[in-house]
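Engineer: Here you go, one structure.
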Amino acid sequence: MWSVVEAPDSTFYVATGHRGKVYNVTSAGKTSLVWTSPQPEVFALAVGPEGALYAGTSPDGRIYKLQGGKAEEYFNPQSKYIWALAFGKDGALYAGTGDDGKIFRITARAQGTVYYETGQSHVTCLAFDRNGHLLAGSEPNGILY
């Protein structure tokens, strides 16, 4: 398992590797397959403000929006890895990527720009602090931005 997120209804979504599957786990412990990615790795998950699930894949990094039993490609940053996804208070989706170490700010389907270039190889994790500041962890030097 690479990533776990909780939806507002207390369902957990789990991203897995080597077969690129996303599962949901209910509060009762029932597990079911939600989606099989065209990529072998699903490294990152985030639940959007509208309730849709977003999944970041590799090795040809893409972000998919999963909603209503369907998956659509949401954003292609032209990066190899999508390591982390997080929604900001502004409603934008932020994506930590590799092997270029960039963070993207995505505002709608196919609409995103580079938000920050770390100079590192990978942005492996993203989180927002209580003041709404984006925090990003990197690799190989373990720098927190």
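The values are calculated or read from the model by the stated rules, or taken from the named source; none is laboratory data. Keep in mind that this is a model prediction, so the values were computed, not measured. Cβ coordinates were reconstructed from backbone atoms using ideal geometry, including for glycine residues, and neighbour counts include every protein chain displayed. Just so you know, the surface numbers come from the protein's heavy atoms only, side chains and all, with ligands and any DNA or RNA stripped out. Shrake-Rupley method; radii C 1.70, N 1.55, O 1.52, S 1.80 Å.
Engineer: Please name all residue pairs, on different chains or six or more residues apart, with Cβ atoms under 8 Å, provided the first residue is in the stretch 1-21 and is within 14 Å of Val34 (Cβ to Cβ) and at pLDDT 95 or above and the second residue is assigned to a loop (DSSP other than H, G, I, E, B) and open to solvent by less than 30 Å² (accessible area, probe 1.4 Å).
Structural biologist: Every condition considered, the pairs that remain are Tyr13/Ala7; Gly20/Ser37; Gly20/Gln39; Lys21/Ser37.
Engineer: Based on what the data block shows, is Glu72 touching a Lys or Arg at 6+ places or on another chain (Cβ under 6 Å), open to solvent by 50 Å² or more (accessible area, probe 1.4 Å), modelled with pLDDT of 95 or more and closer than 23 Å to Phe12 by Cβ? Talk me through it step by step, then tell me what you get.
Structural biologist: Numbers: touching a Lys or Arg at 6+ places or on another chain (Cβ under 6 Å): yes; open to solvent by 50 Å² or more (accessible area, probe 1.4 Å): yes; modelled with pLDDT of 95 or more: yes; closer than 23 Å to Phe12 by Cβ: yes.
Against the criterion (touching a Lys or Arg at 6+ places or on another chain (Cβ under 6 Å), open to solvent by 50 Å² or more (accessible area, probe 1.4 Å), modelled with pLDDT of 95 or more and closer than 23 Å to Phe12 by Cβ), Glu72 qualifies.
Engineer: Inspect all residues belonging to the stretch 36-59 and state whether any of them is open to solvent by 50 Å² or more (accessible area, probe 1.4 Å), of a type outside the set (D, E, K, R), in a strand (DSSP E or B) and under 20 Å from Ala15 (Cα atoms).
Structural biologist: yes
Engineer: Specify the residue that is farthest from Val5 (Cα to Cα); the eligible residues are those in the stretch 84-114 that are surrounded by 17 or more Cβ atoms within 10 Å (Cβ to Cβ) and more than 13 Å from the chain's Cα centre (by Cα).
Structural biologist: Asp100
Engineer: If you check Tyr13 against the conditions, is it touching a His at 6+ places or on another chain (Cβ under 7 Å) and within 28 Å of Ser138 (Cβ to Cβ)? Outline the logic, then answer.
Structural biologist: Numbers: touching a His at 6+ places or on another chain (Cβ under 7 Å): no; within 28 Å of Ser138 (Cβ to Cβ): yes.
Judged against the criteria, Tyr13 is not a match.
Engineer: Right, another one. Since Thr26 meets every condition but one in (1) modelled with pLDDT of 95 or more; (2) surrounded by 12 or more Cβ atoms within 10 Å (Cβ to Cβ), which condition does it not meet?
Structural biologist: (1)
Engineer: Related question: Can you name every residue in the stretch 66-78 that is over 14 Å from Ala92 (Cβ atoms) and either of a type in the set (A, V, I, L, M, F, W, C) or in contact with an Asp or Glu (Cβ under 7 Å, 6 or more places away or on another chain) (or both)?
Structural biologist: Leu66, Ala71
Engineer: Across the stretch 121-143, which residue is farthest from the chain's Cα centre (by Cα) among those that are under 17 Å from Ile82 (Cα atoms) and exposed (fewer than 14 other Cβ atoms within 10 Å of the Cβ)?
Structural biologist: Out of the qualifying residues, it is Pro140.
Engineer: Please work out if Tyr81 is under 11 Å from the mean Cα position of the chain (by Cα), without any contact (Cβ under 8 Å) to a residue 40 or more places away in the chain and open to solvent by less than 70 Å² (accessible area, probe 1.4 Å).
Structural biologist: Numbers: under 11 Å from the mean Cα position of the chain (by Cα): yes; without any contact (Cβ under 8 Å) to a residue 40 or more places away in the chain: no; open to solvent by less than 70 Å² (accessible area, probe 1.4 Å): yes.
In short, no.
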